[in-house]
2 protein chains.
Amino acid sequence: MVDLEQLIAGARAGKVRDIARMISLVENGSAQVPELMALLAPSAGTARVIGITGAPGVGKSTTTSALISALRARGQRVGVIAVDPSSPFSGGALLGDRIRMQEHATDDGVFIRSMASRGHLGGLAATTPAAQRVLEAAGFDVVLVETVGVGQSEVEVAAAADTTLVLLAPGMGDGIQAAKAGILEVGDVFVVNKADRDGADVTVRELRTMLTLGERVDGGWVPPVLKTVASTGVGIAEVLAAIDDHGAWLAASGELEQRRLKRARDEIEALAVVLMRRRIEAGAGRDRLDEEAVQVVAGHTDPHSAAARLVNSLDASSLVATTRRGDGTTSDEETTS
Amino acid sequence: MVDLEQLIAGARAGKVRDIARMISLVENGSAQVPELMALLAPSAGTARVIGITGAPGVGKSTTTSALISALRARGQRVGVIAVDPSSPFSGGALLGDRIRMQEHATDDGVFIRSMASRGHLGGLAATTPAAQRVLEAAGFDVVLVETVGVGQSEVEVAAAADTTLVLLAPGMGDGIQAAKAGILEVGDVFVVNKADRDGADVTVRELRTMLTLGERVDGGWVPPVLKTVASTGVGIAEVLAAIDDHGAWLAASGELEQRRLKRARDEIEALAVVLMRRRIEAGAGRDRLDEEAVQVVAGHTDPHSAAARLVNSLDASSLVATTRRGDGTTSDEETTS
């Protein structure tokens with residue numbers, strides 16, 4: 001068992017190793033995660049959470065790196081979570097990206113971490129917000145969550161951010177692709193990166209048209225479409241200004257509170273599903289599941305009926321131990337040092 | 001409400017429209033799905049289920065089309081489900097593929113259907129096996145399930161098949177990529193398509209080496225690595241022979257029963273999670289979730305504790321109506337004609 005209080009104190013004092021260890025606990029689905037989250041609850045909402053998403057090759061890491069520099073220049077501490085939902089391996093696909101961000105490796109005000117889904121129960125919907133909370137507790141002013149856009153996952157990540165940047169590149173992430181992927185609905189700021197390439201203006205125009213046609217329901221905010229060449233820093237100041245504008249709008253309109261409520265709701269729901277799956281996979285549920293599977297294969301029943309019987313057979317009492325933590329009382333999994 | 005008995009009778013009589021309507025019910029998550037599945041239960045396991053997966057561009061549809069021809073040549077009826085887990089839209093990304101399979105459009109012994117995940121609760125893990133069962137009930141001898149390989153989803157699809165074909169192409173799907181994606185573990189037959197291109201032999205050799213190094217736990221079956229040029233039919237007879245060999249091995253070794261049990265287990269579990277999510281989203285659960293979200297945003301509690309309280313508050317009685325069906329008795333959602 002890790003001494004969580006000590007880890008948290010270390011993280012608050014800026015010890016990189018302690019922050020990294022807490023995120024590893026989250027990523028590995030440690031049994032101590034619920035306790036850690038209970039301890040971190042009071043820090044919730046202290047950082048500005050910015051999502052950065054887009055297809056592979058649009059320049060997400062270069063843009064993230066440029067944004068880090070801009071945020072650092074005004075004295076803000078920046079935590080970065082780079083997520084690759086398609087890879088079951090941590091770091092693998094993101095190795096190149098990490099190298100691109102290496103200029104910040106020696107900066108104490110920057111913490112960068114890759115996370116992979118690893119097929120965990122609850123997946124990134126459960127682990128990404130927990131990692132965000134670790135970075136908030138560690139006192140970062142801004143948390144950047146960078147995700148490779150692959151359909152549904154980018155929508156999930158967008159739901160977890162206060163402000164979502166959608167990156168496109170001329171010719172590869174055109175308007176129709178964006179519409180298909182559902183990203184027009186989730187982007188708060190659109191950035192056409194590699195704007196020195198042919199077709200950038202066409203992509204910008206297409207996006208603006210589609211954003212005008214689309215019926216956005218977030219009353220009042222018109223997502224700007226900006227151009228950048230992140231590798232040289234061109235346009236990054238404007239992107240940061242747009243992020244700030246969106247932040248001011250979020251606060252003034254009450255939308256920030258709404259988004260954070262929705263985020264909490266989604267997270268609780270994802271975790272509730274994890275708990276329910278665990279119940280199924282525990283002793284009695286597992287035996288019942290095995291028996292039902294035999295009946296389904298024999299053609300005596302169908303999976304839907306079997307699932308309904310299984311759910312009804314679950315005993316609610318199995319979770320009592322876990323529920324105590326929220327009240328500030330201790331549990332059997334109490335920290336030992 | 002659709003008259004399910006009539007639909008099933010129509011499907012058994014070979015009416016394409018009735019088969020298509022049943023699959024649409026499944027794809028749209030109709031309230032009649034549980035009843036439909038209960039009615040189809042006795043046909044479970046009557047078809048040979050073959051999964052075909054691989055990265056975009058390796059020639060999955062061309063190979064599927066060639067396999068259909070080979071299966072038809074020996075008189076077997078073939079149902080095909082083409083799945084695109086990355087697309088929230090039905091048909092979109094698969095349009096080109098469907099065109100490639102068009103030569104079978106006028107053949108009564110072939111039924112081809114694209115399915116998309118549509119972000120349904122339970123996703124493809126819930127809908128693909130249900131669609132398979134429809135095709136089994138309609139009397140198809142072989143069900144081919146074609147999936148675009150994108151990480152986790154191809155593993156899921158493999159879990160749903162008796163025999164899984166993994167397709168690669170020289171230079172794009174090399175051995176290391178295959179190892180990273182976890183497909184070495186799921187493939188029963190490996191096919192290097194476009195084998196007339198440079199590098200085919202290297203890919204074959206790499207795969208064979210990795211398959212020898214990997215510790216496969218399915219006692220006895222050594223996955224063959226074959227070469228094809230699906231567009232001209234070269235090598236397809238050998239692929240079909242390998243599928244037959246694997247089928248014979250599955251039956252003789254008892255592995256077929258094991259796989260079908262595991263498949264049923266996974267399906268029941270996925271559906272149980274869907275049912276549990278529905279409980280959360282129903283009246284009381286929803287209010288509770290909203291209240292907990294407010295407390296989380298305020299920093300008074302954390303999502304893990306909130307999730308545990310939410311799960312414990314759920315009332316098992318809300319699912320009683322659904323459980324009746326498996327016993328052959330009727331429910332309020334009884335068919336009306």
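The values are calculated or read from the model by the stated rules, or taken from the named source; none is laboratory data. Not measured: the values here are computed from a predicted model. Cβ sites come from the backbone with ideal geometry, for glycine too, and all protein chains shown count toward neighbours.
Observations, loosely collected:
- Exclusive hit being more than 21 Å from A:Ala13 (Cβ to Cβ), touching a strand residue (DSSP E or B) at 6+ places or on another chain (Cβ under 7 Å) and among the hydrophobic types (A, V, I, L, M, F, W, C), set A:Val83, A:Val78: A:Val83
- Filter result for B:Leu271 (surrounded by fewer than 24 Cβ atoms within 10 Å (Cβ to Cβ) and part of a helix (DSSP H, G or I)): no
- Filtered by the rule that a residue be buried (at least 21 other Cβ atoms within 10 Å of the Cβ) and either more than 11 Å from chain A (Cβ to nearest Cβ) or not in a helix (DSSP H, G or I) (or both), the range B:36-50 gives B:Ala44, B:Ala47, B:Arg48, B:Val49, B:Ile50.
- Failed criterion for A:Thr232 (all others in (1) modelled with pLDDT of 90 or more; (2) more than 14 Å from chain B (Cβ to nearest Cβ); (3) part of a helix (DSSP H, G or I) hold): (3)
- Members of the range B:279-294 found to be within 7 Å of chain A (Cβ to nearest Cβ), over 31 Å from the mean Cα position of the chain (by Cα) and not acidic (Asp, Glu), listed by number: B:Leu289, B:Ala293, B:Val294
- Here the condition is being outside any strand (DSSP E or B), in contact with a strand residue (DSSP E or B) (Cβ under 9 Å, 6 or more places away or on another chain), within 30 Å of A:Val297 (Cα to Cα) and modelled with pLDDT under 60; of B:Glu215, B:Glu154, it holds for B:Glu154 alone.
- Options B:Met22, B:Met1; residue that is surrounded by 17 or more Cβ atoms within 10 Å (Cβ to Cβ), hydrophobic (A, V, I, L, M, F, W, C) and farther than 14 Å from B:Leu144 by Cβ: B:Met22
- Looking across B:Glu238, B:Glu269, B:Glu255, B:Glu281, one residue alone is more than 30 Å from B:Ala31 (Cα to Cα) and either at pLDDT below 90 or in contact with a helix residue (DSSP H, G or I) (Cβ under 8 Å, 6 or more places away or on another chain) (or both). It is B:Glu255.
- For first residues located in the range B:188-208 and at positive phi, partners that are assigned to a helix (DSSP H, G or I) and buried (at least 16 other Cβ atoms within 10 Å of the Cβ) and lie 6+ apart or on another chain with Cβ distances below 8 Å form the pairs B:Lys194/B:Ala200.
- Among the conditions (1) facing chain B (nearest Cβ under 10 Å); (2) modelled with pLDDT of 90 or more; (3) part of a helix (DSSP H, G or I), A:His300 misses just one, which is (3).
- Condition met for B:Ala237 (out of contact with any strand residue (DSSP E or B) (no Cβ under 6 Å at 6 or more places or on another chain), in contact (Cβ under 8 Å) with a residue 24 or more places away in the chain, under 30 Å from B:Gly199 (Cβ atoms) and part of a helix (DSSP H, G or I)): yes
- Subset of the range A:10-35 that is of a type in the set (D, E, K, R) and part of a helix (DSSP H, G or I) - its residue that is modelled with the lowest pLDDT: A:Glu27
- One residue from A:Thr63, A:Thr53 being assigned to a helix (DSSP H, G or I), crowded, with 24+ Cβ neighbours inside 10 Å and away from every other protein chain (no Cβ under 14 Å): A:Thr63
- Verdict on A:Gly91 being assigned by TED's automatic domain parsing to the domain that holds A:Ala138, in contact with a strand residue (DSSP E or B) (Cβ under 6 Å, 6 or more places away or on another chain) and modelled with pLDDT under 75: yes
- Under the condition of being among the hydroxyl-bearing types (Ser, Thr, Tyr) and in contact with a Ser or Thr (Cβ under 8 Å, 6 or more places away or on another chain), the residues counted in the range A:42-79 number 3.
- Residue list for the range A:176-195, filter: at pLDDT 65 or above, farther than 13 Å from A:Gly51 by Cβ and part of a loop (DSSP other than H, G, I, E, B): A:Asn193, A:Lys194, A:Ala195
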